[in-house]
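Have a look at the structure below before the remarks.
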Protein chains: 2
Amino acid sequence: MGCAPMGHILYDEVMRYNPKNPYWFNRDRFVLSAGHGCMLQYALLHLAGYDSVRVSFFRSLQRIHINDLKNFRQWESRTPGHPENFETPGVEVTTGPLGQGIANAVGLALAEKHLAARFNKPDNEIIDHYTYVILGDGCQMEGIANEACSLAGHWGLGKLIAFYDDNHISIDGDTEIAFTESVDKRFEGLGWHVIWVKNGNTGYDEIRAAIKEAKAVKDKPTLIKVTTTIGYGSPNKANSYSVHGSALGAKEVDATRKNLGWPYEPFHVPEDVKGHWSRHVPQGAALEAEWNAKFSAYEKNYKEEAAELKSIITGELPAGWEKALPTYTPESPADATRNLSQQNLNALVKVLPGLLGGSADLASSNMTLLKMFGDFQKDTPEERNVRFGVREHGMGAICNGIALHSPGLIPYCATFFVFTDYMRAAIRISALSQARVIYVMTHDSIGLGEDGPTHQPIEHLASFRAMPNVLMLRPADGNETAGAYKVAVLKRKTPSILALSRQKLPQLAGTSIEGVEKGGYIISDNSSGNSPDVILIGTGSELEIAVKAADELRKEGKAVRVVSLVSWELFDEQSDAYKESVFPSAVTARVSIEAGSTFGWGKIVGSKGKAIGIDRFGASAPAGRIYKEFGLTPEAVIAAAKELC
Amino acid sequence: MGCAPMGHILYDEVMRYNPKNPYWFNRDRFVLSAGHGCMLQYALLHLAGYDSVRVSFFRSLQRIHINDLKNFRQWESRTPGHPENFETPGVEVTTGPLGQGIANAVGLALAEKHLAARFNKPDNEIIDHYTYVILGDGCQMEGIANEACSLAGHWGLGKLIAFYDDNHISIDGDTEIAFTESVDKRFEGLGWHVIWVKNGNTGYDEIRAAIKEAKAVKDKPTLIKVTTTIGYGSPNKANSYSVHGSALGAKEVDATRKNLGWPYEPFHVPEDVKGHWSRHVPQGAALEAEWNAKFSAYEKNYKEEAAELKSIITGELPAGWEKALPTYTPESPADATRNLSQQNLNALVKVLPGLLGGSADLASSNMTLLKMFGDFQKDTPEERNVRFGVREHGMGAICNGIALHSPGLIPYCATFFVFTDYMRAAIRISALSQARVIYVMTHDSIGLGEDGPTHQPIEHLASFRAMPNVLMLRPADGNETAGAYKVAVLKRKTPSILALSRQKLPQLAGTSIEGVEKGGYIISDNSSGNSPDVILIGTGSELEIAVKAADELRKEGKAVRVVSLVSWELFDEQSDAYKESVFPSAVTARVSIEAGSTFGWGKIVGSKGKAIGIDRFGASAPAGRIYKEFGLTPEAVIAAAKELC
């Protein structure tokens, strides 16, 4: 209720959008970072004409009908308790977990700045939109918001305009109890332009003037601090924490209606209001038509650029792009999968116009630099290497914003695998909001060695295998790394996490891109009739150990199958027949080896099998020593196999 | 190398500590938040006399021998790649993951301020120490640091003095590429006193003066920005990112020695240096003796307070404390476990002098308020309700600092279970650094209803079951909640996570505190001879569903066992015989039900059993409706059971 004036001015006066096509490319983006106030956005979208929209080429029919407003937070309504981009037209990203929205908005604004710099021409500025965001005290307290806003200031994202709903109330009461910092001063320190609207409840002209001022400042993002009263209009509950998470109640709703002079029935939109808002449908259609004409001209004059841009707008991948993926033979040199990953990124960036990304201050360790490009910076925004600084959480959320800006943008981001812990909330939002972000996570086990247990992931593979709609991939060599990238690019509604080694690994016989696409597959087998004596299963850097153990066991006459289980999720998607062909139910002698928690492996190896892994924290020592001390060796696999067959 | 002057001044001139007893209670605390520079701290500790220390009553013998320095980052040395409190005497907390250390330091300083306010008397200021921390650019970029520092400013932690090693270099190069904000301005906004030492390489007197000034400012924490040159002294590699993560190399080490006028062999400590530092052992002994005398006087004059304080210092729990735990019968009213948790907290705080904590702005939802206490605030630091604001990550790390300040401090902290994603890195450090933090995590499933999938945990139980040294507890009712608290308090080297319901749950027959202590136990069984037809397994809010299904199945003549698997980790610790008594290997008909990912359940139900759970994201709707739509019902359990027996 306190945000209604800003929301009204944005949707009715300021923003450029087409209600009948929420995916029109050059629309202004709006993010409600304070997602718990979503009813305001749903109501505005409904008024603006999003009550029925045409089907986007890759999303299913969506609309906000008046019945959806009545069924707020009910089963199968389009109006969930927090804004969800995959449910509701006009909702750009998924917010609610505080701080994510403002960081997504930084990503959206980055995408605009980057694409504008790459594609705009002096005679045709084909990309030109703003990103607006409303955030509250809760978002301001979250560290992720500070991370993302520090980057926004650093990058000079002048078309990012954030409204800070300064209502002094969060769930536990007055912000005095936990939040007495000077937000203005902090944002000035972060390099933002700061404006204060003192009366956000009724100061419409002040808000309009602030937006005008913000647009005039082109080299800095703007924070408009709007001091409001939470629950404004409610005579008895305004300015109290009881309106933060709870409904007013029937009695107070009546009192509020009276107080605000609103005599209508619930959910009734008076004709004059309808009339006032009705211009947005034709206006939006005109805006899009105008832009389409502009794009036609662009296509004529700048054929090559237009083709690239079109691919970014539509998400259609250039024909034959996957031929760019490097391939390897067992004779190719041993290498760390983090290095092989860099070969893939540098090969793919030549054919995928939407690929861009970077690392949280570990580019030279994560091996993520794109050699043919410079750094995306304030004055070189056309470049594609993004420097996120040591800000993992902000990085993930910014990538969500980039991915959801345009179907063809494919952001990747990188840190050590263990530091997914810093960005897990953002990764979960990638998964929930169907954002195709590629997480390049190197140093994926105790194999990183001396940095010790603070840096050595143990439970992380299991923790992501348990997360819905995330592809967890742990390639073992060059071909599997190429396969992982192929899958990551093709899964357009799913983020992928690539767990990559710091240490060198051999190129194995039998690995393949096609194998990776199945998630699990046989890389070698000397048995016949689908009945090996034992199945050895490995992933990533431990697949080599399984192969060595198999070699020894075969020398002793055993029939041994080696399976690479590079992605459990992809394997789960296969037919029962295929699964049975890899893991015949009759073969209960199964040994798995993975330098991580054995949690979850019970299902694969069965009650008679054995899972070799690490169910404790790591240690600081050279990698080889830790592997030996922790019993991750061919000898251990051989011993376990012999016990079983 | 750039930090050597600050380190030297702190350890040689400023800090009060006893090298022969690193756990002396009133010592100044030091945290190296920039943990990758740990060799500096190891060297200083070695010089100061930590080369052999007496055995603390609950920690094993530790020391930093010269051989440990030689074996930097090697197997079983006391000098791991990042500082670890459980490995190295004189290391207070475990750092390395950036930003954690500064947030830990805020917790240490909070503990000091709280205890001083509670226990100090006009005639005997028994608690009086500083907390010093060195942090770098990497820490400054992390959101967690901003969260914790905002709270430190809000709380006015005047005895927290942070050195910001402003060397303009992080791993990827000059901080210009990603970090151009004004840190000074931001910290002023956060309510800190800021001092700038322009020449940190050689400006010893400037550093001394800054510390003096910082100590004089009693109502604000101080940030001393010390501009240094990374790798100072190295003629060819100073001020370059190549010295951030790599060694200088033999040649450059030689050149550096020459440049600094240091003619000695590696690892040789000249006699005059030894002589200079040798005073710290007797000085430390004297400091502790003096303080012990002070404590004796305190004990005489303030008997009751001294007993409480002693319990906090030693970690010894008051005799019979567990009798305070509430008990319940099946006739007790149905209630949400979050409410039952509050009953436990309020009962325990009467008997546990070290219990304190709070929520990340959800106290009224997490039900964590201690009714007999007010808020810990700048001017009321003796109180025990801590208001963390919406800062989950900072909250977790601050609690780690509190827990590691004194063996008897038992911090708890709270948010919605799904937001453990925001603080996972801090929770992992709790586990690794053996910090007994109690994580009170409410709204633990789709049972929270309308807030929708952004707020509904799915994979979280599995993700913590996979994490080493974390107790994941999901109590089903009042007795189990009491049991969970009992275990959480008793496990002094392990953090516990309590997953608690938003919705009401009945008090079940057969649940018990003793059962919880075993992790998994039979709550009802109508079979004989340890051979039920089927075993139904539930946790938390779904145990009720298993009970209802059992009632129905028994009516149909089946012999049914119901098992509560409240903590997998505790169950794993039991004997094989006990485990067999709960899950006889011969009984393969097993059905589990839990409102979370089925990942990991394969090991419990076996290849012939069935795990009922949720392997997708949740939905926004009333809880009952979601349970039904997702098939988490007695009917589903009955159907699965009938298929198996």
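Sorted by average packing, counted as other Cβ atoms within 10 angstrom per residue and highest first, what order do B:442-452, A:73-83 take? Kindly include the intermediate steps, with their values, before the conclusion.
Numbers: B:442-452: 25.2, A:73-83: 21.9.
Sorting B:442-452, A:73-83 by mean packing, highest first, produces B:442-452, A:73-83.
A crude spin-label estimate for the pair A:Glu304 and A:Lys323, with each label 7 Å from Cα along the Cβ direction, gives 1.9 nm. Please label the shape of region A:519-643 as rounded, prolate or oblate, based on the square roots a ≥ b ≥ c of the eigenvalues of the alpha-carbon gyration tensor (a/c under 1.5 means rounded; beyond that, a/b larger than b/c means prolate, else oblate). The shape class here is oblate.
Spherically averaged projected area of the convex hull of Cα atoms, region A:321-499: 9.7 nm².
Report the A-B buried area as the accessible area lost on both sides summed, probe 1.4 Å, in Å² to the nearest 100.
Working: alone 25370 and 25400 Å², together 42950 Å².
Summing both chains' loss of accessible area gives about 7800 Å².
For a quick check of your reading of the filter: which GluC sites (Glu not before Pro) in region A:536-645 sit in a DSSP loop and have no more than 16 other Cβ atoms within 10 Å? Working shown, then result.
Details: sites: A:Glu542, A:Glu544, A:Glu552, A:Glu556, A:Glu569, A:Glu573, A:Glu580, A:Glu594, A:Glu629, A:Glu635, A:Glu643; in loops: A:Glu556, A:Glu573, A:Glu594.
Taking region A:536-645 and a limit of 16 other Cβ atoms within 10 Å, the loop GluC sites (Glu not before Pro) found are A:Glu556, A:Glu573.
Chain B holds its axis-closest Cβ, relative to the rotation onto A, at the residue and whole-Å distance B:Gly143, 1. Label positions at B:Asp123 and A:Arg16, each projected 7 Å from the Cα along the C-beta direction, are separated by 7.9 nm.
Report, as a whole number in µm² per second, the diffusion coefficient that Stokes-Einstein gives for region B:144-273 at 10 °C and 1.306 mPa s using the Kirkwood radius over alpha carbon pairs.
On the way: Rh = 16.8 Å.
After rounding, the answer is 95 µm²/s.
Leaving out ligands and nucleic acids, note down the accessible area per residue over the protein assembly as shown with a 1.4 angstrom probe, in whole Å². Please report the intermediate quantities before stating the final value.
On the way: 42950 Å² over 1290 residues.
That works out to 33 Å² for each residue.
Using just the Cα positions, wrap region B:137-195 in a convex hull and report its mean projected area in square nanometres, one decimal place. Don't jump to the answer; show the numbers that get you there.
On the way: hull surface 16.0 nm².
The Cα convex hull of region B:137-195, projected and averaged over all directions, gives 4.0 nm².
Going by the alpha-carbon gyration tensor, a ≥ b ≥ c the square roots of its eigenvalues, is region B:441-517 rounded (a/c under 1.5) or, if a/c is not under 1.5, prolate (a/b greater than b/c) versus oblate? Each step should come with its number before you reach the end.
Working: a/c = 2.55, a/b = 1.21, b/c = 2.10.
It is oblate, given that a/c is not under 1.5 and a/b is not larger than b/c.
Taking other residues whose beta carbon is less than 13 angstrom from the beta carbon of A:Glu392, and scoring Lys, Arg as +1 and Asp, Glu as -1, yields -2.
Assuming a ≥ b ≥ c are the square roots of the Cα gyration tensor eigenvalues, decide whether the protein assembly as shown counts as rounded (a/c under 1.5), prolate (otherwise, with a/b larger than b/c) or oblate. Rounded shape, in that the Cα axes give a/c under 1.5.
Would you tell me the mean number of C-beta atoms belonging to other protein chains that fall within 10 Å of each C-beta in B:458-470, as a whole number? Don't jump to the answer; show the numbers that get you there.
On the way: counts 5, 10, 5, 1, 8, 10, 2, 7, 14, 9, 9, 2, 1.
Per-residue shielding by partner chains comes out at 6.
Rounded to the nearest 0.05, the FRET efficiency derived from the C-beta distance between A:Tyr578 and A:Asp219 at R0 = 45 Å is 0.20. In a fully extended conformation the segment linking B:Val273 and B:Lys350 would gain 22.6 nm over its present Cα-Cα distance, using 0.36 nm per residue.
For region A:526-602, chymotrypsin sites (Phe, Trp or Tyr not before Pro) meeting the loop criterion (DSSP other than H, G, I, E, B) and having at most 15 other Cβ atoms within 10 Å: none. Three principal axis extents of chain B based on alpha-carbon atoms, in descending order, are 89, 59, 46 Å. Cβ-Cβ distance of A:Lys642 and B:Glu76, R₀ of 25 Å, FRET efficiency by 1/(1 + (r/R0)^6): the value works out to about 0.25. Ellipticity at 222 nm from helices only: DSSP H runs of n ≥ 4 in the protein assembly as shown, each -39500 (n - 2.57), divided by the residue count, give -11000 deg cm²/dmol. The mean number of partner chain beta-carbon atoms within 10 angstrom of a residue's beta-carbon across peptide B:391-404 is 2.
Within a straight-line Cα-Cα reach of under 26 Å, A:Lys251 can be paired with the following lysines, leaving aside sequence neighbours fewer than 8 residues apart in one chain: A:Lys70, A:Lys237. Here the gap between B:Tyr264 and B:Arg554, fully extended at 0.36 nm per residue and compared with their Cα-Cα distance, gives a gain of 96.2 nm.
Considering only alpha-carbon pairs that sit under 8 angstrom and 6 or more positions apart, the relative contact order computed for chain B is 11 percent. Farthest toward the dipole's positive end in chain A, which of A:Ile9, A:Gln140, A:Ala623, given Cβ charges of +1 (Lys, Arg) and -1 (Asp, Glu) about the Cα centre? The residue sitting farthest along the positive end of the dipole is A:Ile9. Using the Cβ-Cβ distance between B:Arg492 and B:Lys378 with R0 = 25 Å, the FRET efficiency computed as 1/(1 + (r/R0)^6) comes to roughly 0.25. Pairs from the list A:Lys558/B:Lys579; A:Lys491/B:Lys548; A:Lys113/A:Lys350; B:Lys212/B:Lys258; A:Lys378/B:Lys220 with a Cα-Cα gap above 30 Å: A:Lys558/B:Lys579; A:Lys491/B:Lys548; B:Lys212/B:Lys258; A:Lys378/B:Lys220. Reported value for region A:445-574: 118 Å³ per residue, from the convex hull of its C-alpha atoms. Among the trypsin sites (Lys or Arg not before Pro) in region A:205-304, those located in a DSSP loop and surrounded by at most 10 other Cβ atoms within 10 Å of their own Cβ are A:Lys218.
Taking the Cα of B:Glu514, stepping 7 Å toward and past its beta carbon, and measuring to each backbone N in region B:321-336: which are under 20 Å? So the set is B:321-331.
One quarter of the convex hull surface, Cα atoms only: what value does that give for region A:1-131 in nm²?
Details: hull surface 33.7 nm².
Orientation-averaged projected area of the Cα hull: 8.4 nm².
The values are calculated or read from the model by the stated rules, or taken from the named source; none is laboratory data. Computed from a predicted model, the values in this text were never measured in an experiment. Ideal geometry is used to build each Cβ from the backbone, glycine not excepted, and the neighbour counts take in all protein chains shown. Protein only, heavy atoms only, side chains kept; ligands, DNA and RNA dropped before computing areas. Shrake-Rupley method; radii C 1.70, N 1.55, O 1.52, S 1.80 Å.
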